[in-house]
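Reading through the structure tokens given below for one structure.
The values are calculated or read from the model by the stated rules, or taken from the named source; none is laboratory data. In this text the structure is predicted, and so the values were computed from the model without any measurement. Ideal geometry is used to build each Cβ from the backbone, glycine not excepted, and the neighbour counts take in all protein chains shown.
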């Protein structure tokens, strides 16, 4: 080692030990030199360390602060399923869409799929609009108009299966990151080159560089978002509870619980000018979807505008009612006792294989292709509005009562 290199290492070492006045290195301020080897970053010899200012803002997302909670049904188990008993778990912070994915969002998805993909995949992405058709009900106009008529733009998309919802999440991730990469390439300008239109020619993929000096989409660059995805059942239930609104500062005890995503045992607003108005879109009783003319209450015979009704304390709209929502988990009745107590999730039949269930003999509907949905819908009674209730359906099936929203990991932070 020559003298100049030795001197540089000595200075870097002394600076590291003294914390360099500016404090220890962080993800956004890693320093000029490695605190392990003393080698300078971003040189011919050193490792490339990209500028990082924190996770970019994801369109439509709301931050959900994680923590300890008690998951499980808070209502009497009228269905006698005993499949969601109370247990204490901890959830890491994450992001979730503030509202359900709407018809206009799905039409945008179809627009880009038709441009970028094979006709076969475009056809597979079409929602099943016939979910509105019923033999003994005149819902026929919704078959033609619900998805595409402009008045329904911001009503929740329905008729999409769990598999289709997952494909949407994959597309959304690529499309959003295409825009972010284009902005990075153009120094923040509005002209975007994008993921699909730019041809990168080799380069160091791990370090996010290309031969022409442009930015690749890579994890190491930090200039893209993590994957949009369906929330886990635990994340969805936790976000719907929104118990952050009941928590006193400095008090680590959870002294309040909610039956619904709001306070109290009632489903009507107890305060202010909207006192007496329903807080969600659901079926009030047999044959009663909205009230009587001249005095309509929730006013929604079917689905409703995705920003209707007050948001919960996380700022999430319609976490009860309007449409049920797909979550990631496969269904098992004993998931509450099988899954771990940190970020619980059931991805397969581990510990509870599908062979235990007699589906072939028509004694069970459970296999590794049934997924949980939660939240209650315009066609459900108030019981299903409670976040702890759960039902399941085949992942390739769709109805007029199930939609979805996306979630995302909170990468690189425990806040």
Say we look at the stretch 247-276 and pick out the residues that are at pLDDT below 85 and in contact with a helix residue (DSSP H, G or I) (Cβ under 8 Å, 6 or more places away or on another chain); which of these is surrounded by the fewest Cβ atoms within 10 Å (Cβ to Cβ)?
255
Take residue 373 and tell me if it is under 20 Å from the mean Cα position of the chain (by Cα), within 25 Å of residue 75 (Cα to Cα) and either in a strand (DSSP E or B) or touching a residue at least 12 places away in the same chain (Cβ under 8 Å) (or both).
yes
Conditions (1) closer than 30 Å to residue 333 by Cβ; (2) at pLDDT 95 or above; (3) touching a strand residue (DSSP E or B) at 6+ places or on another chain (Cβ under 6 Å); number of the one not met by residue 61:
(1)
Being part of a loop (DSSP other than H, G, I, E, B) and in contact with a strand residue (DSSP E or B) (Cβ under 6 Å, 6 or more places away or on another chain) is the filter; apply it to the stretch 377-413 and report the residue that is nearest to residue 54 (Cα to Cα).
410
Would you tally the residues in the stretch 318-336 being over 17 Å from the mean Cα position of the chain (by Cα) and assigned to a strand (DSSP E or B)?
0
Restricting the stretch 120-159 to residues that are in contact with a strand residue (DSSP E or B) (Cβ under 7 Å, 6 or more places away or on another chain) and surrounded by 18 or more Cβ atoms within 10 Å (Cβ to Cβ), the one farthest from residue 308 (Cα to Cα) turns out to be 158
Taking the stretch 231-246 only, how many residues are part of a loop (DSSP other than H, G, I, E, B) and either free of Cβ contacts under 8 Å to residues at least 60 places away in the same chain or surrounded by fewer than 24 Cβ atoms within 10 Å (Cβ to Cβ) (or both)?
2
Would you be able to tell me the number of residues in the stretch 129-146 that are out of contact with any helix residue (DSSP H, G or I) (no Cβ under 9 Å at 6 or more places or on another chain) and either within 14 Å of residue 303 (Cα to Cα) or not in a strand (DSSP E or B) (or both)?
3
Per-region count, the stretch 373-397, residues more than 30 Å from residue 56 (Cα to Cα) and in contact with a helix residue (DSSP H, G or I) (Cβ under 6 Å, 6 or more places away or on another chain):
3
For the stretch 320-335, state whether one or more residues are more than 21 Å from residue 88 (Cα to Cα) and out of contact with any helix residue (DSSP H, G or I) (no Cβ under 8 Å at 6 or more places or on another chain).
yes
Which listed residue is modelled with pLDDT under 95, surrounded by 19 or more Cβ atoms within 10 Å (Cβ to Cβ) and part of a loop (DSSP other than H, G, I, E, B), from 195, 180:
195
Here is a list: 158, 113. Which entry is within 19 Å of residue 396 (Cβ to Cβ), in the same structural domain as residue 322 (by TED's automatic domain parsing), at pLDDT 95 or above and not in a helix (DSSP H, G or I)?
158
How many of the residues making up the stretch 57-91 are over 27 Å from residue 252 (Cα atoms), surrounded by 12 or more Cβ atoms within 10 Å (Cβ to Cβ) and over 16 Å from the mean Cα position of the chain (by Cα)?
4
